[in-house]
1. Determine the dipole magnitude for the chain: charges of +1 sit on the beta-carbon of Lys and Arg, -1 on that of Asp and Glu, nothing else is charged, the reference point is the Cα centre, and the result goes in debye to the nearest 20.
2. For the range 128-204, what does the alpha-carbon gyration tensor say about shape, rounded, prolate or oblate, given a ≥ b ≥ c as the root eigenvalues, a/c under 1.5 as rounded, and a/b over b/c as prolate?
3. Using a simple spin-label model with points 7 Å from Cα along the Cα→Cβ vector, what separation in nm is obtained for A189 and R201?
4. Cα centroids of the range 53-73 and the range 201-233: how far apart, whole angstrom?
5. Dipole of the range 128-204, Cα-centred, from +1 at each Lys and Arg C-beta and -1 at each Asp and Glu C-beta, to the nearest 20 debye?
6. Which FRET efficiency value, to the nearest 0.05, is calculated for N172 and E129 with the Förster distance at 22 angstrom and r the Cβ-Cβ distance?
7. Angle, helix 24-34 long axis vs. longest principal axis of the chain, Cα atoms, 0 to 90°, nearest 10?
8. How big is D for the chain, in µm² s⁻¹ as a whole number, if Stokes-Einstein is applied with the Kirkwood radius of its Cα pairs at 10 °C and 1.306 mPa s?
Amino acid sequence: MGKQSTSQTQPAFLGGAAQTYFDRNLFDQYIQQQGYRVLLEKAMVCPCKGEGTDHRSDCLNCLGTGYVFYDRVDTTVIIQGINTETQFKEWSLERAGLVSVTSRNVDLLNFMDRITILQTQDKQPVLTEFSEVVHPKVLDDGIIFAFLSYTNVQPITVRAFQGTQKPLLVLNEEQYSISDNNLIIHDDALLRESPLSISLRYKHSPQYHVVDEVRDVAHTNFLDVQNGGKLTSRSMPVNAMARRAHNIIDADRFRSNQLIDNAVIK
Ligand SMILES: [Zn+2]
């Protein structure tokens with residue numbers, strides 16, 4: 001076998017070339033000043049996957065989704081909706097729920113990382129609205145219960161299906177309660193409609209999963225005048241596409257709080 005070697009491309013001649021430099025501090029300051037305060041949960045692949053088998057659906061670390069969240073960081077990122085350029089093309093479901101996320105290089109983004117918007121910079125809560133249908137189950141201890149897709153829920157209206165020929169039954173606040181992402185039904189009489197089917201519209205904290213890393217490697221060179229004008233490289237902010245949590249595959253499993261909490265406080 002011949003000896004392996006690497007050839008080198010001739011470097012470009014730089015004599016007399018004008019040089020421009022990005023100022024990372026300005027980018028970082030912009031993110032800090034204009035971004036949302038978010039909870040960034042770092043995702044990693046669950047090791048329940050065998051060499052020739054898929055992730056196990058009975059694994060309480062991932063419930064078969066294949067991902068666990070091992071770290072939570074309170075930080076600031078820029079989030080912008082991108083399904084807005086529809087002036088010359090049709091709106092597309094393929095891009096539904098997609099946003100662009102830009103973070104400082106200290107918060108590198110990876111596939112399936114979960115981002116929950118907590119507040120604006122002036123500490124105002126950030127809420128959006130969502131509607132979904134759930135089918136509460138009766139647990140062994142008699143509690144009637146269903147998971148919701150999002151956390152920090154403020155219900156707007158909760159209504160039960162009573163058959164195709166009757167109007168929906170508007171539930172009052174004594175008939176249900178919501179804690180975190182759990183809907184608990186307190187009125188046993190609702191079980192007469194079988195199966196119990198409940199529609200909700202509520203406010204909640206927006207939540208996303210990273211689905212694509214657009215700019216995951218980003219460095220810039222600059223002349224460090226405090227270091228004798230030496231050419232030095234600096235890491236720049238990174239950018240990723242993220243999708244609203246209910247639009248991702250296996251969304252109903254990620255919402256479950258049966259999952260073992262793998263977050264470690266460092
Ligand atoms: Zn697993």
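1. 700 debye
2. Oblate shape, in that a/c is at least 1.5 and b/c is the bigger or equal ratio.
3. Those two pseudo-labels are separated by 2.6 nm.
4. Their Cα centres are 28 Å away from one another.
5. 340 debye
6. On the way: r = 21 Å, r/R0 = 0.93.
FRET efficiency, N172 to E129: 0.60.
7. Around 20 degrees separate the two axes.
8. On the way: Rh = 22.3 Å.
The calculation lands on 71 µm²/s.
Read-outs: derived from the displayed coordinates by stated rules, not from any lab. Because the structure is predicted, anything quoted here is derived from the model rather than measured. Backbone-built Cβ (ideal geometry, glycine too); neighbour counts: all protein chains shown.
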